[in-house]
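The structure appears below as C-alpha cells.
The values are calculated or read from the model by the stated rules, or taken from the named source; none is laboratory data. For clarity, every value in this text was computed on a predicted model and none was experimentally measured. Glycine gets a Cβ as well: all are built from the backbone with ideal geometry, and neighbour counts include every protein chain shown. Accessible surface is based on the protein model in full, side chains and every heavy atom, while ligands, DNA and RNA are left aside. Shrake-Rupley method; radii C 1.70, N 1.55, O 1.52, S 1.80 Å.
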Amino acid sequence: PLAERLQLDEARVGRLVGAFGMMVGPTIMACGFLTDAVGRKGVFVTGMSLIALAVFLLAKARTYDAVFVAVLLLGAGWSGTVNVANVLMRISVPQASLTQAMNFYDFIFGFGAFAAPFILGLLLKRLGFGNGLAVLGGLMLVPAAMGVLAPMKPDTSIMDQRHAQRLRGFGRSASRSNQMLIQHQQGPMEPAKDEVGNPGSWGALDVNED
C-alpha cells in the first residue's frame, strides 16, 4: 500500500529494504556497547520508542525522503529492542528451565510474526492507511511503557561496575599506604611477648637504647 500510495517503483522499494538492513547491522553492535554503558532499560525503552516514532512517521509520510528516514528509525529501534530482549530471555528464567523457556519465546515470536500482517491488514482495510498505522504506532508504545515499569535486573551498567571497582581498589591502596606510613613512624615491628614469655601480638620496637 505504501508503494502504491507514493507511487514508488521497485528500485526505490528495494532501497528502502536495503536501508533497513544496513541500519540494523551497525546499530545492533552499537546498542551492545550502549547496553553495557547505560543499562538495559534505557536501550530497550529507546528502541521501542523509535519503532513507534517510525510507524507514526510512516502513517503521515507524503514523500520518499520521509519514508526513508522512517525506515532508518525503524532499523535503529529494532536493533535496540532485540539486543536487550535476547539477554532478558536468558536471565528471566532459571537455568534448569532455559531450553523450555527459549522454545516458548521462539513460539511467541513466530506467532506474532505470523499474525501481525493479518492484524495490520484488517486495520488498514477498516481504518485506512494513515489511521491504521497510527493505531499500530500506539500499540508499539505499550511495550515501551512496560519497559519503563519492568525492573530488568540486574540493570547496573558495566561502566558503573568498573567505576565502583576502581574506587574500591583506590580505597585499598590508600589504606595500605596509611598502614605503611604509621609503621614507618612507629619504627620496626617485632612480636611482643606476654608475661610468661610467649609470642603475642605485634608491637613497636623501641630502637632507642638507654
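Kindly state, to the nearest 0.05, the FRET efficiency for A96 paired with F129, given R0 = 45 Å and r defined as their beta-carbon distance. My answer for the efficiency is 0.40. In this calculation the C-beta distance from L6 to N103 is compared with R0 = 41 Å, giving a FRET efficiency of 0.50. The gain in end-to-end length when the L141 to L122 segment is fully stretched comes to 4.9 nm, 0.36 nm per residue minus the alpha carbon separation. In the range 12-148, the C-alpha radius of gyration followed by the widest Cα-Cα span (Dmax) gives 16.0, 52 angstrom. Counting only protein heavy atoms and a probe of 1.4 Å, the accessible surface of the range 1-135 is 70% carbon and sulfur.
Scoring 115-127, 61-73, 78-90 by mean Cβ neighbours within 10 Å over their residues and listing the highest first yields 78-90, 61-73, 115-127. Of S97, S92, the residue with the largest accessible area leads and the full order is S92, S97 (1.4 Å probe).
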